[in-house]
Amino acid sequence: MKIRFLKIRGTALILSLVFATLLLEMVIAYTKMVQQAPPQNFQIDERVKMDFLSQGLIEKAILKFQLFPADYYAANDALKLNKSDYIKAFVIGDSNLMISNFAEASSSFSDSKINVCISSMSLLTNFQYNQEAIRIQSQAVYTGKNGKNIEKDVVRTVRLNRQSNAPFK
Amino acid sequence: MTRKNSRNIFIFHRIDTWSGFTLTEIVLSIAVLAFAFIPIIGGMGTSLKATTKDERIVQGIHLAQTTLNAALQFPFDEIASWSRSKGSAANGPWTFGGTVQPQFSYPTTPGVGSLALRLGVQGDYTTVLTIYDEPVQFNLMVYSPASRAIDTKNDPTTWNWTSLENYPTPALRGVYQKFVVTVFWSDKQSGQKFYSLVSYKAKLVE
């Protein structure tokens, strides 16, 4: 069977056409794959912008805690007594701890608007080592080029040191 | 003739009649394969150009990221105070870099190292840092410590909470700054490009 096939004239041409077709199909598949894959520079851009904005908003949340620590601790104590309204008002309910439709971090290839908010601010206490820390979580969201929402959570934990300012010991 | 001899003669006859490829067939098949490779090589050239363009963008992003990271490491108001000492407005904004190449450094460990920030022209890229003083206000609920002290039922609703909107008034100044780093470069085909990164720094008590 094989020898009969080789005896037919023009088999080299047919074989080369078959290989050429296979190569062209591979090129088409590769081109489609490259077109559908998101470019790496956009992915890096998204990650970097959201990270910096989230870190900046977390700084503001820490500033709020440093300016009003008593009210935060009172709200936290109320949370332990099953009253969560006050801690929500301190963290999620504060419109000043949000960045909406932020467009200043733009570039020649991307001008998407980013939304950032503080999603949680929780007190961590370790009685064994007498250590206290505050854990602040920020969430950044923006709509990517393919229309999908891209989210990034950034967490920062800061160690706290409570000092009494009572006039007596 | 035996049966074995006839089989040998048959095989000998088959080897003798094997055919090969003519020169014309080989030339035509090589020509077809060559035409098939033309779009592949064209695609490779296009992807090489795209990779070079992406590389410049990624380098710009990394430069902006490095610059902003370095700027945020400086103590609060360290960079802006340098501009104020040269006569800039007290409330900003303060711009550094561009055609001028300032260099900031801050000693971290004495005799060992220092924090450095480089702006302005760096190779094909130009970096500009602008610092803005952002007013700060908050919405919060404040409680009454006196009301809490007399609460015997552990009921937070009796602690006399007061809602404060946009407090304090006027807004606080000099405690929160916005850092905007912009990197510029030129692309031969599409002209001037830029990339901006923004972050914030607060005056925190260490």
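The values are calculated or read from the model by the stated rules, or taken from the named source; none is laboratory data. This structure is a prediction, so every number in the text was calculated from the model and none was measured. Quick reminder, even Gly has a Cβ in these numbers, built from the backbone with ideal geometry, and neighbours come from all protein chains shown. When the accessible area is computed, the model is the full protein with side chains, heavy atoms only, and any ligands, DNA or RNA have been set aside. Shrake-Rupley method; radii C 1.70, N 1.55, O 1.52, S 1.80 Å.
Can you name the condition, by its number, that residue B:205 falls short on among (1) open to solvent by 30 Å² or more (accessible area, probe 1.4 Å); (2) in a strand (DSSP E or B); (3) within 11 Å of chain A (Cβ to nearest Cβ)?
Condition (2) is where residue B:205 drops out.
Being over 32 Å from the mean Cα position of the chain (by Cα) and more than 10 Å from chain A (Cβ to nearest Cβ) is the filter here; which residues of region B:163-179 pass it?
Going through region B:163-179, the residues over 32 Å from the mean Cα position of the chain (by Cα) turn out to be B:163-171.
Those that are over 32 Å from the mean Cα position of the chain (by Cα) and more than 10 Å from chain A (Cβ to nearest Cβ): B:169, B:170.
Take the conditions over 35 Å from the mean Cα position of the chain (by Cα), open to solvent by 30 Å² or more (accessible area, probe 1.4 Å) and either under 22 Å from residue B:204 (Cα atoms) or more than 8 Å from every other protein chain (Cβ to nearest Cβ) (or both) and apply them to residue B:157. Does it pass? Spell out how you get there, then give the answer.
On the way: over 35 Å from the mean Cα position of the chain (by Cα): yes; open to solvent by 30 Å² or more (accessible area, probe 1.4 Å): yes; either under 22 Å from residue B:204 (Cα atoms) or more than 8 Å from every other protein chain (Cβ to nearest Cβ) (or both): no.
No: the conditions fail for residue B:157.
Would you pick out the residues in region A:94-118 that are at the interface with chain B (Cβ under 7 Å from one of its Cβ atoms) and modelled with pLDDT of 90 or more?
A:94, A:95, A:96
Just one of (1) at pLDDT below 70; (2) surrounded by 12 or more Cβ atoms within 10 Å (Cβ to Cβ) trips up residue B:10, so point out which.
For residue B:10, the failing item is (2).
Say we look at region B:121-152 and pick out the residues that are closer than 19 Å to residue B:77 by Cα and hydrophobic (A, V, I, L, M, F, W, C); which of these is nearest to the other protein chains (Cβ to nearest Cβ)?
The extreme case among them is B:136.
Restricting to region A:128-163, name every residue that is more than 25 Å from residue A:63 (Cα to Cα) and surrounded by fewer than 14 Cβ atoms within 10 Å (Cβ to Cβ).
A:128, A:129, A:143, A:145, A:146, A:147, A:148, A:149, listed by residue number.
Which numbered condition trips up residue A:51, out of (1) touching a residue at least 60 places away in the same chain (Cβ under 8 Å); (2) more than 8 Å from chain B (Cβ to nearest Cβ); (3) buried (at least 18 other Cβ atoms within 10 Å of the Cβ)?
Only one criterion is unmet by residue A:51, namely (3).
Given the conditions (1) under 27 Å from the mean Cα position of the chain (by Cα); (2) at pLDDT below 95, which single one is not true for residue A:61?
(2)
If residue A:99 meets every condition in (1) crowded, with 18+ Cβ neighbours inside 10 Å; (2) on the phi > 0 side of the Ramachandran plot apart from one, which number is that one?
Evaluating residue A:99 over (1) crowded, with 18+ Cβ neighbours inside 10 Å; (2) on the phi > 0 side of the Ramachandran plot leaves (2) as the failure.
Could you run through region A:103-116 and say how many residues are assigned to a strand (DSSP E or B) and surrounded by fewer than 19 Cβ atoms within 10 Å (Cβ to Cβ)?
Total meeting the criteria: 1.
Looking only at region B:180-202, filter to residues that are open to solvent by 40 Å² or more (accessible area, probe 1.4 Å) and touching a strand residue (DSSP E or B) at 6+ places or on another chain (Cβ under 8 Å); which one of those is farthest from the other protein chains (Cβ to nearest Cβ)?
Applying the filter and picking the extreme gives B:186.
Looking at (1) modelled with pLDDT of 70 or more; (2) at the interface with chain B (Cβ under 8 Å from one of its Cβ atoms); (3) over 48 Å from the mean Cα position of the chain (by Cα), can you tell me which one residue A:7 breaks?
(1)
Quick check on region A:89-97. Is at least one of its residues without any contact (Cβ under 8 Å) to a residue 12 or more places away in the chain and touching a Pro at 6+ places or on another chain (Cβ under 6 Å)?
No, every residue in region A:89-97 fails to be without any contact (Cβ under 8 Å) to a residue 12 or more places away in the chain and touching a Pro at 6+ places or on another chain (Cβ under 6 Å).
Scan region B:139-154 and tell me whether some residue there is open to solvent by less than 20 Å² (accessible area, probe 1.4 Å), within 28 Å of residue A:52 (Cα to Cα) and touching an Asp or Glu at 6+ places or on another chain (Cβ under 9 Å).
Checking region B:139-154: at least one residue is open to solvent by less than 20 Å² (accessible area, probe 1.4 Å), within 28 Å of residue A:52 (Cα to Cα) and touching an Asp or Glu at 6+ places or on another chain (Cβ under 9 Å).
Is region A:22-32 home to any residue that is crowded, with 16+ Cβ neighbours inside 10 Å and at pLDDT below 90?
Within region A:22-32 (the criterion being crowded, with 16+ Cβ neighbours inside 10 Å and at pLDDT below 90), the answer is yes, since at least one residue qualifies.
I'd like to verify a number: residues in region B:74-114 that are more than 14 Å from residue B:129 (Cα to Cα) and touching a residue at least 40 places away in the same chain (Cβ under 8 Å), how many?
2
Inside region A:75-90, can you point out the residues that are surrounded by 23 or more Cβ atoms within 10 Å (Cβ to Cβ) and either assigned to a loop (DSSP other than H, G, I, E, B) or at the interface with another protein chain (Cβ under 9 Å from one of its Cβ atoms) (or both)?
Hits for region A:75-90 are A:75, A:78, A:86, A:90.
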